[in-house]
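Undergrad: The structure under discussion is supplied below as structure tokens; questions concerning it will follow.
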Amino acid sequence: MRIGAIVTRIIQQMRRDRRTLALLFFAPLLVLTLMSFIFNSNEANLTLVISNGTPPLIEKLQAVDLHIIEQQNFSVEQLKEQQYDGWLILGQGNVRLTLLNNDPSSSKVLIMKLSQALQPQQDAAPSLTTDYVYGDKDTAIFDIFSPMLIGFFVFFFVFLITGIALLKERTSGTLERLLATPIKRAEIVAGYMLGYGLFAFLQTVIIVLFGIYVLDIVHVGSIWLVLLINMTVALVALSLGSLLSSFASSEFQMMQFIPLIIVPQIFFSGIFPLDNMATWLQKIGHLMPLYYAANALNGVMYKGVTFSEIATNLAVLASFAIVFIILTTFSLKKYRVL
Amino acid sequence: MKHYAISLDNVEKSFHHKQVIAPLSLNIPTGQLVGLLGPSGCGKTTLIKMIMGMLKPDNGQIQALNLAVPHQQLLSSIGYMAQSDALYLDLTGEENLNFFAKLYNLSKRERTQRVVYAAQLVRLKDDLHIKVANYSGGMKRRLSLAIALLHNPPLLILDEPTVGIDPVLKKEIWQELMRLKNEDQKTILVTTHAMDEAQKCDQLIMLRNGYIIANDTPQALKTQYDAQDFDEVFLKAGGEVL
Ligand SMILES: Nc1ncnc2c1ncn2[C@@H]1O[C@H](COP(=O)(O)OP(=O)(O)O)[C@@H](O)[C@H]1O
Ligand SMILES: [Mg+2]
């Protein structure tokens, strides 16, 4: 009942705060779209050279939107020269694919489309060998990048908006006033988690659907798992935002947490490769929620793993949230001893 | 043993080693309108927050309605009005009232009734649909008072309730406080630094630098200090030369 009162109030307040709503729902989409333009510009037009191809196969490949060039005598030199995305040679029982890989994300898409087209063949699946002209199979950027990016945006915006909302509650004196009513501290925290959780949930759904269906971010795993991970991320952001707001005394101070709390997480969570970093430094990443979020999201969206394989990551994230929620409840003791 | 609505026993409070409330004991009888009088900065708000359980005294015990402070249940029996208006500016007056009413677990019917009653009392009935951000200072003060009265508590603790309210409404609010005391047997503790309000109290507690310098009925104080008004009582009781 009391929790419900807080939830209703938050909804009323948010409905009137159009700017915050816009920030929550549209800003992530805007940034995500810009990012996808930068990293994904030529994905739509993939050109594949085929040697010894059969007409049904070529038809199938064209069906998955590949631009096909048939050429029997082709070479890697020509591939480089012409800047085609790949070269497929069909031999007896084996298929050899050479990828230019100047843009790792195009290569990934090409492989995905190829495997889509080759799979339904009834006869023994031909073994596919893949060579790379540039780099190797591990050089993917936006594909590894984008699942984490989704998690990051959920985290960032939810953190900021809850933090500032709770801060306003503190500075306007309404929090102290609340604690002069019989409401329990845990009820206040629960009301906040539910009220803002609702908006975080909407935001998560919008970002995920937009990313997957509009921006065509690669996702092989279950979309429900993606939503589940992002909801857990939102919960961590919610609870961390509320907790840290008790250490800020103005909106500006709340913004100062961005370089302190948010930016390091970007560097350590694996959005950028960490291989060159000292091991002890890499370990710092293990203290950061986004590290686990990125692991789980990358696993599901890029590698297509199932629930059991991300369960540990989810559990760690949930533990972060629980710890932050408990600490937030304690931080309210500043205002009332009970 | 007499029943007191509020009793303080050797309560003491310092902020950063600066004593704000000297050890003081104090009893407030049930069913009385008690005024806590003193200049700004003398510790009135601090004392009230300790009674509410919002601040922890460094020493001493506080009891309210026979419960040891702090006590969760106690808070549903106290109507509290803070010195600074703590309202949700982006909500309307009515939404604010409804929100607080829900926190006191009033049933839906009670809630509607009490919201209308409280709004009527402070003359805000026609402005309930307006966002509080557009209220004047006096209107906000009145809304805060309405919130304190919402759940019909036996004990009212009001921190400077009439600051910024025009004289006509101020008079009406005092009339209502008297009525609440007389008809509904409520205990009311009011802080003020307006000496003209002192006369209306049953008991006056004068506070200075955290010390109680006088505590009696208004009439007795005037007689004792041979004073015309309470400014004079205050100065004489505080040991100052006129
Ligand atoms: N949280 C606090 N930290 C430090 N000093 C405080 C705090 N609250 C009040 N004080 C000091 O205690 C004294 C009494 O304040 P207060 O109780 O608000 O007085 P009044 O309500 O009578 O105007 C003032 O000198 C004030 O500066
Ligand atoms: Mg005060």
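Undergrad: What number comes out for accessible area per residue over chain A if the probe is 1.4 Å? Units Å², please.
TA: On the way: 15540 Å² over 338 residues.
Counting only protein heavy atoms, the per-residue value for chain A is 46 Å².
Undergrad: Also, I was wondering about something else. Taking the Cβ-Cβ separation of B:N134 and A:M277 as r and a Förster radius of 41 Å, what is the calculated FRET efficiency to the nearest 0.05? If you can, show how the numbers build up before the last one.
TA: Details: r = 55 Å, r/R0 = 1.33.
E between B:N134 and A:M277, to the nearest 0.05, is 0.15.
Undergrad: While we're here: Grab the other residues whose beta carbon is less than 10 angstrom from that of A:A5, score K and R as +1, D and E as -1, and report the net.
TA: Details: positive: A:R2, A:R9, B:K102; negative: A:E187.
The answer is +2.
Undergrad: Got the relative contact order for chain A handy, in percent, Cα pairs under 8 Å and 6 or more residues apart? Walk me through the intermediate numbers first.
TA: Working: 446 pairs, mean separation 65.7, N = 338.
Dividing the mean separation by the residue count of chain A yields 19 percent.
Undergrad: Once you charge only the Cβ atoms, +1 for Lys and Arg and -1 for Asp and Glu, what is the size of the charge dipole of chain A about its Cα centre, to the nearest 20 debye? Walk me through the numbers on the way to the answer.
TA: On the way: 22 positive and 21 negative charges, 464 e Å.
For this selection, approximately 2220 debye.
Undergrad: Report the residue, chosen from A:L225, A:L90, A:L166, that carries the largest GNM mean-square fluctuation when chain A is represented by alpha-carbon nodes joined by springs under 10 Å.
TA: Highest fluctuation of the listed residues: A:L90.
Undergrad: At a 1.4 Å probe, which residues in the stretch A:148-190 are at least 30 Å² less accessible with all protein chains present than in their chain isolated?
TA: When all protein chains are present, A:T174, A:E176, A:R177, A:L178, A:A180, A:T181, A:P182 each give up 30 Å² or more of accessible surface.
Undergrad: Taking the Cα centre as origin and putting +1 on Lys and Arg beta-carbons and -1 on Asp and Glu beta-carbons, what dipole magnitude results for the protein assembly as shown, to the nearest 20 debye? The partial results should precede the final answer.
TA: Details: 48 positive and 47 negative charges, 375 e Å.
Dipole about the Cα centre, nearest 20: 1800 debye.
Undergrad: Label-point separation (nm) for A:V214 and A:L260, each offset 7 Å from Cα along Cα-to-Cβ?
TA: A separation of 3.4 nm, rounded to one decimal place.
Undergrad: Ignoring ligands, DNA and RNA, please state the percent of accessible area on the stretch B:90-135 from carbon and sulfur, probe 1.4 Å. Could the numbers behind the result be given before it?
TA: Details: 1010 of 2270 Å².
Percent of accessible area from carbon and sulfur atoms in the stretch B:90-135: 45.
Undergrad: Measuring from label point to label point, each 7 Å out along Cα→Cβ, what is the A:Y134 to B:V116 span in nm?
TA: For the pair A:Y134/B:V116, the computed spacing is 7.6 nm.
Undergrad: With r defined as the distance between the Cβ atoms of A:Q78 and A:L30 and R0 fixed at 30 Å, what FRET efficiency is calculated, to the nearest 0.05? Let's see the in-between values first.
TA: Values: r = 41 Å, r/R0 = 1.35.
About 0.15, to the nearest 0.05.
Undergrad: Now, a different point. Could you tell me what percent of the accessible area of the stretch A:47-132 is made up of carbon and sulfur, with a 1.4 Å probe and every protein chain present? Intermediate results must be reported in sequence, preceding the final value.
TA: On the way: 2140 of 4530 Å².
That share works out to 47 percent.
Undergrad: Another question, then. Let me spell out the model: positive unit charges on the Cβ of Lys and Arg, negative unit charges on the Cβ of Asp and Glu, origin at the Cα centre of the stretch B:69-164. What dipole size does that give, in debye rounded to 20?
TA: Details: 11 positive and 9 negative charges, 58 e Å.
For this selection, approximately 280 debye.
Undergrad: Spelling out what I want: for every residue of the stretch A:29-34, take phi, set θ = phi - 60°, compute 6.51 cos²θ - 1.76 cosθ + 1.60 (Karplus), and round to whole Hz; glycine and proline get x.
TA: 5, 4, 5, 4, 5, 4
Undergrad: Do the sum for chain B: with -39,500 (n - 2.57) for every DSSP H run of n ≥ 4, divided by all residues, what is the mean residue ellipticity at 222 nm, to the nearest 500 deg cm²/dmol? All intermediate terms of the calculation are to be shown ahead of the outcome.
TA: Values: 7 runs with 81 residues, N = 242.
It lands at -10500 deg cm²/dmol.
Undergrad: Compute for chains B and A the buried accessible surface, both sides summed, probe 1.4 Å, and express it in Å² to the nearest 100. Before the final figure, lay out the partial values.
TA: On the way: alone 12010 and 16900 Å², together 26220 Å².
About 2700 Å² of accessible surface is lost on pairing.
Undergrad: Figure the gain on full extension for A:Q92 and A:F252 (residue separation times 0.36 nm, minus the Cα-Cα span) and round it to one decimal in nm.
TA: Values: separation 160, 0.36 × 160 = 57.60 nm, distance 6.71 nm.
Here the answer is 50.9 nm.
Undergrad: Once you sort the root eigenvalues of the Cα gyration tensor of the stretch B:152-215 as a ≥ b ≥ c, which label holds: rounded (a/c under 1.5), prolate (a/b larger than b/c) or oblate (the other case)?
TA: On the way: a/c = 1.94, a/b = 1.27, b/c = 1.52.
In terms of gyration-tensor shape, oblate.
Undergrad: Let me have the relative contact order for the stretch A:47-132, percent, based on Cα pairs under 8 Å that are six or more residues apart.
TA: Working: 122 pairs, mean separation 26.3, N = 86.
Rounded, it is 31 percent for the stretch A:47-132.
Undergrad: Follow-up. What distance in nm separates the two pseudo spin-label positions at B:S25 and A:D17, each 7 Å out from Cα along the beta-carbon direction?
TA: 4.9
Undergrad: Another question, if that's okay. Any idea what diffusion coefficient the stretch A:141-335 gets from Stokes-Einstein, in µm²/s, Kirkwood Rh on alpha carbon pairs, 20 °C, 1.002 mPa s?
TA: Details: Rh = 17.2 Å.
Roughly 124 µm²/s, to the nearest whole number.
Undergrad: Before rounding to the nearest 500, sum -39500 (n - 2.57) across all DSSP H runs of length at least 4 in chain A and divide by the residue total; then give [θ] at 222 nm in deg cm²/dmol. Don't skip to the answer; put the middle values down first.
TA: Working: 15 runs with 202 residues, N = 338.
Calculated at 222 nm, the ellipticity per residue is -19000 deg cm²/dmol.
Undergrad: Just which residues of the stretch B:15-55 lose 50 Å² or more accessible area with every protein chain there, against their chain alone, with the probe set to 1.4 Å?
TA: By number: B:M54.
Undergrad: Return the FRET efficiency for the residue pair A:I206, A:E59: r is the Cβ-Cβ distance, R0 is 41 Å, and the value is rounded to the nearest 0.05. The partial results should precede the final answer.
TA: On the way: r = 38 Å, r/R0 = 0.92.
The formula returns an efficiency of 0.65 here.
Undergrad: Toward the positive end of the charge dipole of the protein assembly as shown, about the Cα centre and with charges on Cβ (Lys, Arg +1; Asp, Glu -1), which of A:V49, A:V64, A:V305 goes farthest?
TA: Ranked along the dipole, the leading option is A:V305.
Undergrad: Between exposed chymotrypsin sites (Phe, Trp or Tyr not before Pro) in chain A, where DSSP calls loop and at most 15 other Cβ atoms lie within 10 Å, what's the longest gap? Provide the component values of the computation, followed by the final result.
TA: Details: sites that count: A:F26, A:Y134, A:F247.
Between exposed loop sites, the widest span is A:135-246.
Undergrad: If I compute solvent accessible area with a 1.4 Å probe over the protein chains, what percent of it on the stretch A:141-335 is carbon and sulfur?
TA: Details: 5580 of 7760 Å².
Accessible surface attributable to carbon and sulfur in the stretch A:141-335 totals 72 percent.
Undergrad: Another one. Rounded to the nearest whole Å², what accessible area per residue is found for the stretch B:116-213 with the 1.4 Å probe? Numbers along the way, then the final one.
TA: On the way: 3900 Å² over 98 residues.
Roughly 40 Å² per residue, with all protein chains present.
Undergrad: Among the residues of the stretch B:75-91, which ones have their accessible area go down by 20 Å² or more when all the protein chains sit together, as opposed to their chain alone (1.4 Å probe)?
TA: Buried on complex formation: B:L75, B:Y80, B:A86, B:Y88, B:D90, B:L91.
Undergrad: Continuing with the same structure: Give me the extension gain from B:N66 to B:V163: residue separation times 0.36 nm, minus the current Cα-Cα distance, reported in nm with one decimal. Let's see the in-between values first.
TA: Working: separation 97, 0.36 × 97 = 34.92 nm, distance 3.07 nm.
Length difference between fully extended and current span is 31.9 nm.
Undergrad: When the Cα centres of the stretch B:187-234 and the stretch A:196-271 are compared, how far apart do they sit, in Å?
TA: Their Cα centres are 57 Å away from one another.
Undergrad: What's the percent breakdown of Cα-Cα distances in the stretch A:47-132 across 5 Å bins, shortest bin first?
TA: 3, 14, 29, 29, 18, 6, 1, 0
Undergrad: Charges on Cβ only, +1 for Lys and Arg, -1 for Asp and Glu, centred on the Cα centroid of the protein assembly as shown; of B:S14, B:L124, B:G60, which one is farthest towards the dipole's positive end?
TA: Among B:S14, B:L124, B:G60, the one farthest towards the positive end of the dipole of the protein assembly as shown is B:G60.
Undergrad: Same structure again: Using only alpha carbon positions, build the gyration tensor of chain A, then give the equivalent ellipsoid semi-axes as the square roots of 5 times its eigenvalues, largest first, whole angstrom.
TA: Taking √(5λ) for each eigenvalue gives 49, 18, 17 Å, largest first.
Undergrad: Which entries of B:K56/B:K200; B:K49/B:K171; B:K108/B:K131; A:K168/B:K44 have Cα-Cα distances beyond 24 Å here? If you can, show how the numbers build up before the last one.
TA: Values: B:K56/B:K200 31 Å; B:K49/B:K171 26 Å; B:K108/B:K131 22 Å; A:K168/B:K44 26 Å.
Violating the 24 Å limit, Cα to Cα: B:K56/B:K200; B:K49/B:K171; A:K168/B:K44.
Undergrad: Binned at 10 Å from 0, what are the whole-percent values of the Cα-Cα distance distribution for the protein assembly as shown, short to long?
TA: Spelled out per bin, shortest first, that is 3, 14, 20, 17, 13, 10, 8, 6, 5, 3, 1, 0.
The values are calculated or read from the model by the stated rules, or taken from the named source; none is laboratory data. From a predicted model like this one, the values you see are computed outputs, not experimental measurements. Glycine gets a Cβ as well: all are built from the backbone with ideal geometry, and neighbour counts include every protein chain shown. These area figures cover heavy atoms from the full protein model, side chains too; ligands, DNA and RNA do not enter into them. Shrake-Rupley method; radii C 1.70, N 1.55, O 1.52, S 1.80 Å.
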